[in-house]
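Let me begin by presenting the structure, written as structure tokens, before commenting on it.
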């Protein structure tokens, strides 16, 4: 399953790791996803949700 928030669609971002000698290599920044139970239209569902959606009250916990 993909690392994507099921509420807002936030996913991975790409960037560079920069060493002391300024050599750049590709790396991935993962979204901070948590597996929680949410109340979605009256049904309890387990979902991957980012922490900004949890803190911003965009979801209702079980």
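Every number here is computed from the coordinates shown, using simple stated rules; none is lab data. Predicted model, so just to flag it, every value in this text is computed and none were measured. Backbone-built Cβ (ideal geometry, glycine too); neighbour counts: all protein chains shown.
Things worth noting here:
- Estimated inter-spin distance, residue 21 and residue 45, nm [label 7 Å along Cα→Cβ]: 5.0 nm
- Estimated distance in nm for a label pair at residue 12 and residue 29, the labels positioned 7 Å out from Cα along Cα-to-Cβ: 1.5 nm
- For the pair residue 2 and residue 62, the difference between a 0.36 nm per residue extended length and the Cα-Cα distance amounts to 19.3 nm.
- In the chain, the calculated helix contribution to ellipticity at 222 nm averages -1500 deg cm²/dmol per residue, counting -39,500 (n - 2.57) for every DSSP H run with n ≥ 4.
- When the Gaussian network model of the chain links Cα atoms closer than 10 Å, the mean-square fluctuations of 41, 22, 12 top out at 22.
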